Amino acid sequence: MRPTVLKLLRQEPVTRAEWQDLFWSVHSVCLWDEKGAPKVHQRLQEDILDFITQAQSRVLSHEDDSSLLKAYIAEWGKFFTQCNYLPKPFGQLEMTLQGKARNTLPKKNQADESIVRKLMLDSWNQSIFSNIKNRLQDSAMKLVHSERNGEAFDSQLVIGVRESYVNLSSDTEDKLKIYRENFEKAYLEATEAFYKMKAPEYLVENGVQNYMKYADAKLKEEEERAKRYLETRKDCNSVGMLTECCVDVLVTAFKESILAECASMITNNETERLRLMFSLMDRVPDGITPMLHDLEEHIVSQGLADMLASASIITTDSELYIEKLLDLFNRFSKLVAEAFNDDPRFLTARDKAYKKVVNDTSIFKLELPYKSKGVCAKTQPESKCPELLANYCDMLLRKTPLSKKLTSEEVEKKLKDVLLVLKYVQNKDVFMRYHKVHLTRRLILDTSADNEKEENMVEWLREVGMPADYVNKLARMFQDIKVSEDLNTEFKDTHRNNNETIADSINIKILNTAAWSRGTDRVSVTLPMELEDYIPQVEEFYRLKHNGRKLQWHHLMSNGIITFANDIGKFDLEVTTFQMAVLFSWNQRTHDRLSYESLKLATELPDAELRKTLWSLVAFPKLKRQVLLCDIEARSPKDFTDNSVFWVNQTFALVKNSKLQKRGKVNLIGRLQLSTERSKEEDNEGIIQLRVLRVQEAIVKIMKMRKRITNAQLQTELVEILKNMFLPSKKMIKEQIEWLIEQKYMRRDEDNINMFAYLA
Amino acid sequence: MFSPYPKLPPIRKPSNAEAKQRLSLTMKDYSEHKITMLFDSYRDPGDDEDCLQAEGIEKLCMHLGVRPEEFRVLVLAWKFNAETMCRFTRSEFFGGCKKLRVDSIKGIQSRFPEMLAEVQIRDNFKDLYRWTFKFGLDSDTGQRTLPVEMAISLWGLVFTQNEPRILKRWLTFLEKHPNIRGIPRDTWDMFLNFAEVVGDDLSTYDDTEAWPSLFDDFVEYENDCQNQNVTEEKPAKEYEVQI
C-alpha cells in the first residue's frame, strides 16, 4: 500500500491498477486482520506526517515573504487536493474504525466527515501550520501593510493564505474556527495597529477638515480591501467586524476633535463638510447627538440674532416679521437638507429650535394678565408671533395694497406659509382670537379680497389641527353672511312696494351670537331717526320668518354711507354708526356749534366712545380737511372737556394733488372697532379665562378616563390635548388641579402626593 | 422634643379603655350626671342652642387654668371631636368627657399630660393636624377655605409641640403676601408633607412634583430673597407696589 499512498501524497502519477489495488488491500487488511485497521491508520498517519515535514522544510527554505507564501500556497494546494482523493480507498478502514453502528446510518457528506481526511487536515494543522502560521500570517499582513502604503503585489497570495485557513478546519461544528482565531484576528489587529499609528499623524499634519476626508476615504478603502481578503461567506461577519474596528480607530478615537469643528461648520454653512461629518459620526454610537445640539443652538442664536438685528422694523411690520421668520425657516431647512440629507433626527432638532425662535419673547412679547390667586402677580409673557401672523393673514385676505399686488397663487402660497409658521406657535389660541377679529371685520365691512380663499383658509386651519369648535364657528360666520344676503333681498322686496327709498339701502346682517359673540359689548346710542324707524320693521320681518329668536342690535359693529353736502360739494362718507349718530346731531342745525355735553345728550354714547368717535371726525389721519372742527387744539381724545365746542366744517372737501375736489367718497371707518375700550382689556383676559376652562375640562376628561394617574403622566396627557391651542403653564395646571380637588372632582392619594384619583 | 410617654402604643389604649369600661359598669369612676351638671354650669341658660358659646368656653378654660388660645385647648377640642371653634355642643362635651373618663375640672386637667403625649405620636398628630383645618373653618358661613390669618394662627398653634424648621419662614411669607386669600384643604394637608420633606433646606424641593402651587411660590420667593440678598424691607415694598 505504502508506495501508492506516498505517490498519492506527492501527487505522482498512480496507475489504475495501483489505485484499485489500494482499495483491495485496504479492504482485505481490514477484513482479515482484526488489529489491521488501527495499524493501517497509524502507518498512514506516520506517512502523512512525514510528508508534511518534508513539505514544511520545502516551504521554509524560502526566505523572502512573498516566495514563502507562494511556496506554502502551492504545497497547501497540492495537499488539499489530495485530501479529497486519498480518503477514498480507505472507506473500509473507516467503517471498521467507526464500528458497526455507523453501517445502519445513512452516510452524509462523506468527504467532510471522513476520518482519513480529518487525519490529514489535523496533521497539517498540527505540524506545518502550527509551526509556520506566525510566519505565514506575518508575511500576509506585511503584504497587506505594503498595499496600504501603496505598493502593488499579488493579492492572490493573501487570498491563498486566507483560503488555506478557511479550508483547514476539520471541525464540522464551526468550520471557520481556525480562520477566525488566526487569520481574521491577525488581520483586525494589523489594521488597528496600522491606523492607530497613521491616523493621529495625519490629523496632526493635516487638520480636522482634511482628516475627515482621509477617514472617510480610508473607511471605504478598508471595506473594499476587507471584501477581497477576508472571508465573505454568508455566516461570516469578518467584513462587518473590520468596519467596526476601522470606525473605532479612525472615527471614535477622534470623535471629540471632529465634533469640536461642528458648530463653526454649521455657522459657516459648510454643507459638504457637514455631510461628511454626518456620515462619519452616524457610524459612532452617540456621535450624532452633539451635532444635533450644535444645530439647535445655531438655529436659536442665529434666528434670534437676525430678529434682533431688524427688531425696529419687524416689531411694527407684521409682513416683514413673518417674511423674516419664513426666510429663517427656509434657510435652516436648506441646511438640514443639504448637510444632513433631511435626516429625521436633524429635522426634529430644526423644529425644536425653530419653535424657540417663533415663541421667543425677548424681542417683543404679549402680556397676558393672569389673575392668579397666588403670590406673584407676574404675568407670563408670550410670543407676539400669533398676533402678527393673524395681522399678516388679514393683509393677505383683505383688499389691501399687498393682496392686490400679489397673484392668486402667491397669496395662496403665503397663506400656506402662515400655516407653516403657525404650526410652531405655542399659543395658537391667541392666533385664533385675532384671526377671528380680523375675519369679523372683513365680513362686516365686506372687504374680503377673495371669498373663495377665505373659505379655503378655514378648511386649511381645520387641516392643521385647529380645534373643531373654533373652525366650525368660522364656517358658521360665512354661512350667516350668506343667509343675511338672501334675507336682505326679501326684506327689500317687501318694502319696495311701499315706495320706501331708504329701505332699499338698508343692509341687515343677522349673526349668530355663539359664533360671532364678542362678549357683552353692546353700547346704546341714539340712532338717526331714519334708521330708528326701521328697527321695529326689521324685527317684525325677522320674527315672522323665525319665531322665537331673539334679536340684539350691535350698533358698535354696524356702519353706513351718508352723503355730506356743503358749499363746496357733495361727498359720500363711509362712517360707523357712532360717527353717523354724532354727525346727525347737526342734521337740523347745520351751522350750530354744539358742546361736548350736548352731543353726549344727543347721542347717548358712553363717554369713552363719544370721545373716540369725535376724535375720528376731528383728527382723521388721512384727511387734510376734517369733517368736524373743535375750539380747542386737542392732541388726544382725552383733551375734550364738557365745554369743548364742535361744529361742522363748512369748507370740508377732499384734497387730491392739492386740488379741492367737489365730489368724492372717503372712508372714515378706518379699522372698525369691534370692542369698546373697556372690553379690550377683557379681551386678553378672555384668552386666559378660556385657557383656565380648557385646562379644567381637559383634566376632568383625562381623570375620567384614567381614574388614577400620576402627576407627571397627567401633565403629559394634558399638553397633548391642549397643544393645538396653547401650552398650559405649570402654574396654571397646578392651580386648576387645586381647584378641582377643592370642588371634589378629584383627590390626592393618601400616601403618594404625586398620584391623583378621580371622584365620580 | 422629649416626650414623657414615648412608647405608649396607641393600640393598647382602646382595649384598656374597654376593660375599664366593663369595670366601670360596676364601679364608675365618673358620673354621667356630673358631666351634665358640669356642662350646664358653663352653658348660657338664655341660649337657644344646646352648646357652650365663646363665653362659656372662656370660663371653662379659666377654671381649667389654661388660656383659650393654648395648644392644650386645641388638643382637648380634638379629643372632644369638636366641629368648630368657640363651640362645644352638648353631645361633643358629653362624649368627650366619657371618652376621657372624667366628670370634673380636675379630671380634665389630670388628662392633659396624657393627651399631649398622645399627639406626639406621628399618626395621632396627623389626625389632629388634619382635623384642625376643619375646626378652623367658619361653619356658619359655609367656608371651604381657611382665611389666611386664621391659617397662620392655627399653624402656629398646631405645631406648638414640634415646630417644623420651615414654619417661621412660611408664616412670614404668608404675612407678606396679603393677596393670598385662603388656604384650601389640600394645601393645608400637604404642608405637613412639605415640612417633612424639605426640613429647612429648600434646595431639596422639587417643583416637578405635584406640590400645591403656593409652595412653588414660597420656594421661589425664598430663593429670590436669597439670590438677590434682599433685605427684610425690600420685598415688603415690592408687595406694596403690587397692590
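Table for the structure above
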| read-out | value |
| --- | --- |
| Computed over the range A:558-673: relative contact order in percent, which uses C-alpha pairs under 8 Å that are six or more apart | 34 percent |
| Two-site FRET efficiency, B:Asn179 against B:Lys126, from Cβ-Cβ distance with R₀ of 35 Å, rounded to 0.05 | 0.70 |
| The range B:123-166 residues near the modelled B:Thr84 label - backbone nitrogen below 11 Å, point 7 Å along Cα→Cβ | B:135-144 |
| Vicinal HN-Hα couplings computed from phi for the range B:87-104 (Karplus, 6.51 cos²θ - 1.76 cosθ + 1.60; Hz; Gly/Pro x) | 8, 10, 7, 4, 5, 4, 5, 5, x, x, 4, 4, 4, 7, 6, 9, 9, 8 |
| Descending Cα extents along the principal axes, the range A:678-758, whole Å | 48, 25, 19 |
| Label-point separation in nm, A:Asn667 to A:Arg16, each point 7 Å along Cα→Cβ | 11.3 nm |
| Restraint check, A:Lys612/A:Lys659; A:Lys701/A:Lys723; A:Lys334/A:Lys413; A:Lys416/A:Lys453; A:Lys384/A:Lys428, Cα-Cα greater than 22 Å | A:Lys612/A:Lys659 |
| Qualifying trypsin sites (Lys or Arg not before Pro) in the range A:580-643, DSSP loop, other Cβ atoms within 10 Å at most 16 | A:Arg589, A:Arg593, A:Lys622, A:Lys624, A:Arg625, A:Arg635 |
| Normalised alpha carbon radius of gyration of the range B:40-113 [divisor 2.2 N^0.38 Å] | 1.00 |
| Separation of the A:Lys624 and A:Ala260 label points, Cα + 7 Å toward Cβ, nm | 7.0 nm |
| Neighbour cut-off at most 15 other Cβ (10 Å), DSSP loop, trypsin sites (Lys or Arg not before Pro), the range A:219-310 | A:Arg233, A:Lys234 |
| Averaged over A:735-741, number of beta-carbon atoms from partner chains that fall within 10 Å | 4 |
| Computed lengthening from A:Thr400 to A:Gln713, 0.36 nm per intervening residue step minus Cα-Cα distance | 107.9 nm |
| Computed magnitude of the charge dipole of the range A:384-466 (debye, nearest 20; Cβ of K, R +1, Cβ of D, E -1) | 320 debye |
| Cβ-placed point charges (K, R +1; D, E -1), dipole of the range A:558-673 about Cα centre in debye, nearest 20 | 720 debye |
| Estimated FRET transfer efficiency when R0 is 22 angstrom, pair A:Glu485-A:Ser524 (beta carbons, to 0.05) | 0.20 |
| Unit Cα scatterers, Debye sum, the range A:384-466: log10 I(q)/I(0) for q = 0.15, 0.17, 0.20, 0.24 Å⁻¹ | -0.47, -0.61, -0.86, -1.26 |
| Rel. contact order, % - alpha carbon contacts under 8 angstrom, at least six apart, the range A:261-374 | 33 percent |
| Sites A:Gln537 and A:Asp572 - FRET efficiency at Förster radius 30 Å, r taken between beta-carbons, to 0.05 | 0.75 |
| Difference of contour (0.36 nm per residue) and Cα-Cα distance, A:Thr361 to A:Ile561 | 67.8 nm |
| Estimated inter-spin distance, B:Leu192 and A:Arg462, nm [label 7 Å along Cα→Cβ] | 5.5 nm |
| Cβ-based net charge around A:Thr267, under 14 Å, with every Lys or Arg adding one and every Asp or Glu removing one | -4 |
| Gain on full stretching of the segment that runs from A:Ala757 to A:Met197 - 0.36 nm per residue minus C-alpha separation | 195.2 nm |
| Expected-Rg normalisation [2.2 N^0.38 Å, Cα atoms] applied to the range A:556-644 | 1.03 |
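Values quoted throughout were computed directly from the atomic coordinates according to the rules given, and no laboratory measurement underlies them. Predicted, not measured: the structure shown is a model, and the values here were computed from it. Neighbour counts are summed over all protein chains in view; Cβ atoms, including those assigned to glycine, are modelled from backbone coordinates with ideal geometry.
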